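K.L.:
A single structure is presented below for examination.
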Amino acid sequence: MSSITLPNPVDSNEDCQSDEYCVIVYNNDINTFQEVIAILCLALQIDQQRAEMHAWDVHLLGSARVHYGSETDCQSRAEIISKIGIRTEVCSA
């Protein structure tokens, strides 16, 4: 019988270099999964499957880091996501 090995939990700074920023998306009770997935696809330029994974992380954990990049890049992506009422935050990673 084969077993599945789960990845180790990701430290909040593990995926980032010191000069990078990240976009954090927070869960809410207003937007539907379809709305969140659609805006993540648009803002992050990712496929639906990846956006669905991010949406589930946000739903289950309350928030999730969904993008890493320069401060300007993260600010512009967070602004797009925020346009439908989703709370976002850009932080130094």
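K.L.:
List every residue pair whose Cβ atoms lie under 9 Å apart, where the two residues are 6 or more positions apart in sequence or sit on different chains, the first residue falls within the stretch 28-42 and is under 16 Å from Leu61 (Cα atoms), and the second residue, located anywhere, is among the aromatic types (Phe, Trp, Tyr) and surrounded by 12 or more Cβ atoms within 10 Å (Cβ to Cβ).
P.N.:
What qualifies is Phe33/Trp56.
K.L.:
I want to confirm something. Restricting to the stretch 34-86 and keeping residues that are outside any helix (DSSP H, G or I) and farther than 21 Å from Glu20 by Cβ, which single residue is most open to solvent (accessible area, probe 1.4 Å)?
P.N.:
Kept after step one, since they are outside any helix (DSSP H, G or I), are these residues of the stretch 34-86: 45-47, 62-70, 83-86.
Retained after the next criterion (residues that are farther than 21 Å from Glu20 by Cβ): 47, 62, 83-86.
Numbers: Asp47: 91, Gly62: 31, Lys83: 150, Ile84: 66, Gly85: 52, Ile86: 8 Å².
Filtering the stretch 34-86 for residues that are outside any helix (DSSP H, G or I) and farther than 21 Å from Glu20 by Cβ, the one most open to solvent (accessible area, probe 1.4 Å) comes out as Lys83.
K.L.:
Keeping to the stretch 40-87, report how many residues are among the polar types (S, T, N, Q) and under 9 Å from the mean Cα position of the chain (by Cα).
P.N.:
So in the stretch 40-87, the residues among the polar types (S, T, N, Q) come out as 45, 48-49, 63, 70, 72, 75-76, 82.
Adding the requirement that they be under 9 Å from the mean Cα position of the chain (by Cα) leaves 63.
The number of residues fulfilling the criteria is 1.
The values are calculated or read from the model by the stated rules, or taken from the named source; none is laboratory data. Owing to the predicted nature of the structure, the values given are computational and were not obtained by experimental measurement. As a convention, Cβ positions derive from the backbone with ideal geometry for all residues, glycine included, and neighbour counts pool all protein chains shown. The area values use the complete protein model at the heavy-atom level, side chains included, leaving out ligands, DNA and RNA. Shrake-Rupley method; radii C 1.70, N 1.55, O 1.52, S 1.80 Å.
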